[in-house]
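As structure tokens, the structure follows; a few thoughts come after it.
The values are calculated or read from the model by the stated rules, or taken from the named source; none is laboratory data. Note that the structure is a prediction, hence the values are computed from the model and not measured. Neighbour counts are summed over all protein chains in view; Cβ atoms, including those assigned to glycine, are modelled from backbone coordinates with ideal geometry. We work out accessible area using only protein heavy atoms, side chains counted, and drop any ligands, DNA or RNA first. Shrake-Rupley method; radii C 1.70, N 1.55, O 1.52, S 1.80 Å.
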Amino acid sequence: MEVEIHGIPQSIKPKYQSKVRSAKAELAKWKKQAKELHQSTSRAELLGSKSNPAASDDPYSDDIQSQRTRLLQGTQTLSDSTRRLEDSQRIALETEGVGADILRTLRQQRGQIENAVEQLGQADTSIDRASGTLKGMIRRMYQQRIVTGAIIVILIILIVVILVEKLT
């Protein structure tokens with residue numbers, strides 16, 4: 001999970017780093033508590049059997065029963081703690097899997113965005129070329145209108161000159 005954190009954007013990295021730290025701290029706390037429970041039950045079992053060797057022969061004595069009850073409670077607490085620890089580890093693994101899926105999705109989206117940017121650049125270049133071509137066509141159109149107008153004016157002048165020559 002820590003390895004995946006290095007690959008995520010800086011904007012969301014602190015959020016996940018704090019989650020990882022808190023999960024590690026909770027895991028360490030549960031491990032410590034499980035170890036302490038195991039040690040205390042072992043100590044109680046060892047001390048209980050050595051303190052009264054004659055009573056160990058009587059399985060129904062109150063001291064043995066209370067020790068047995070405490071031992072069973074300690075074992076139950078230890079198994080509950082172990083179950084919680086396993087659940088926490090399972091959740092952490094699931095979270096890591098979800099994070100990995102999110103990173104894969106983000107990489108794909110980044111590739112799509114990069115392709116879109118590249119295509120937009122190509123489209124911009126094509127639009128610039130088309131704009132230049134249209135400007136050239138418009139300029140030639142105006143030139144042709146001027147030339148056509150000039151020819152018409154010259155023809156009108158020639159017709160007028162011919163008419164004036166014939167009438168005079």
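Data overview
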| item | result |
| --- | --- |
| Segment GLN33-THR69, length gained on full extension (0.36 nm per residue, minus Cα span) | 11.0 nm |
| R0 of 30 Å, Cβ-Cβ distance ASP87-HIS6: FRET efficiency to nearest 0.05 | 0.65 |
| Near-label residues of the range 66-81 by backbone N, under 16 Å of a point 7 Å along Cα→Cβ of SER40 | 67-81 |
| Å² per residue, accessible surface of the chain at 1.4 Å | 82 Å² |
| Of VAL147, VAL117, VAL20, the one that fluctuates the most in a GNM where the chain has Cα springs shorter than 10 Å | VAL147 |
| Value of Rg/Rh across the range 57-137 [Cα atoms, Kirkwood radius] | 1.77 |
| Per-pair calculated FRET efficiency, R0 = 45 Å: SER126 and ILE152 via Cβ, rounded to 0.05 | 0.70 |
| Residues of type lysines that LYS13 reaches as a straight line, Cα spacing below 30 Å, ignoring anything fewer than 8 places off in the same chain | LYS24, LYS29, LYS31, LYS32 |
| Ranked by how many other beta carbons lie within 10 Å on average, peptides 126-139, 76-89, 97-110 from highest | 76-89, 97-110, 126-139 |
| Within a Gaussian network of the chain (alpha carbon springs, distance under 10 Å), most fluctuating of LEU158, LEU37, LEU47 | LEU158 |
| Top of ILE91, ILE64, ILE146 by mean-square fluctuation, Gaussian network on the chain, Cα under 10 Å | ILE146 |
| Rounded tilt (10° steps) of 13-51 against the dominant C-alpha axis of the chain | 10 degrees |
| Accessible surface of the range 20-164 [probe 1.4 Å, protein heavy atoms]: carbon and sulfur percent | 61 percent |
| Viscosity 1.306 mPa s, 10 °C: Kirkwood-radius Stokes-Einstein D of the chain over Cα pairs, µm²/s | 62 µm²/s |
| Difference of contour (0.36 nm per residue) and Cα-Cα distance, GLN17 to THR77 | 18.6 nm |
